[in-house]
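Structure first, commentary second.
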Amino acid sequence: MHARTLLRRFAALATLCTLAGCGGGGAAEVKEDGKLSFKIAITEPDITTVPILAAIDVVRRQGHTVKVVELAEPELTIEGLAKGDYAISAEATSSALLAVERDAPIKIIADAIGNQWAVYGKPGISSCGQLVGRPLGIFSEGATATAMIKEWVKANCGSGDRPKYLTIGGSDVRAQALVTGRIDATALEVADAVALEKKASGGARFAKIVDFARSLPDLHPQTVYANTDFITEHRDVAQVFVSALADEHAKINKDPRYLVGLAARYLPEEGGAEMAEVAERYVQAKLFNARALTERNVQGTIDFFVRAGVIDRGMTARDAADLTFVGAAA
């Protein structure tokens, strides 16, 4: 299913909940001791999620009960946030923007991870022009990374010239297709790029053709967002969470080994030298910064998804985000 269709489907579900008044009492229950009990939803936890899990533990140490719910599909996260089943989540920004467009009670409150996508190509390829007519692997036509690729192609490959897009699926499959020569390039995240290098034989070096963090500096594709009743009624707790997340990111940026330690704690099945290399890359690229969101780059993110055809024109940064939490984060 095309991502626009899929995202509009669950944004519409969220709107139905809004119209039905199912705000869930602020997405939290107040316990007898005055502390809160609420849920935070995540999908497919990975190394980018562990600072969030660490921040949740900070909130718990203040006496609040926080249950982490792992969901298989992002549309379930959005629907749950709109209904008040969950207080906070961190997922694709496009999902939140579509929900906001449909008047769902959701606001972006912090950055989860910077734009870690880049296009990698086989040895010898260094420009968009060299990919014209050549196979370029994508996850799906509607994926955010595909939208980044197509905007880059439009700006750099010449009028009417483009690669031959092949829908292959998961990053690991696309990386393997690049190694075997089935495709000439694909977009990968940091961890997948490190894994790609490990797979390469004979000392082959896969070139980073474009780094979207540099070519699209105002695009923040993965953010933290919350139920608006929760952040209105329980601002102090929401602030503790955002400040804790900013602190975890600062610790990571001071020493990549801290991220390796968090991964060992929250993702014990992963680890080793590859994890250390991934952590080093994140720190070098300055991808962890919960406070990175500004009115300018939130608007830039909105404008990107307008150009990509995901949302309609007219949304402003103030419609989509409440930046007071990152502003107040220590």
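Assorted remarks:
- Estimated inter-spin distance, V173 and A155, nm [label 7 Å along Cα→Cβ]: 3.0 nm
- Net charge of Cβ neighbours under 15 Å - reference N156; Lys, Arg +1; Asp, Glu -1: +3
- Whole-angstrom gap from region 229-272 to region 95-146, using each part's C-alpha centre: 24 Å
- Here is the size of region 118-215 from its Cα atoms: Rg then Dmax, 12.2, 37 Å.
- Stokes-Einstein diffusion of the chain at 25 °C, 0.890 mPa s viscosity, Kirkwood radius from Cα pairs, rounded to a whole number: 120 µm²/s.
- Shape of region 22-111, Cα gyration tensor, a/c cut at 1.5: oblate
- Annotation for region 168-228 versus region 148-166: alpha-carbon center distance of 17 Å.
- Helix-only mean residue ellipticity at 222 nm for the chain, each DSSP H run of n ≥ 4 adding -39500 (n - 2.57), per residue, nearest 500: -14000 deg cm²/dmol
- Ranked by the mean number of other Cβ atoms within 10 Å per residue, highest first, peptides 124-131, 303-310, 144-151 order as 144-151, 303-310, 124-131.
- Among residues other than V260 with Cβ under 11 Å from its Cβ, the summed charge is -3 (Lys and Arg +1, Asp and Glu -1).
- For region 227-267, the residues whose amide N sits under 11 Å from a probe point set 7 Å from the Cα of R60 along the beta carbon direction are 266.
- Amide hydrogen proximity for T65: with H placed 1.01 Å from N in the peptide plane, the residues at 5 or more positions away or on another chain lying under 5 Å are L36, S37, F38.
- FRET efficiency estimate (nearest 0.05) - Cβ-Cβ, D33 to R281, R0 51 angstrom: 0.75
The numbers here are math on the coordinates, done by the rules we state, and not lab data. Just so it is clear, the model here is predicted, and its values are computed rather than measured. No Cβ is skipped: glycine too gets one built from the backbone with ideal geometry, and neighbour counts run over all protein chains shown.
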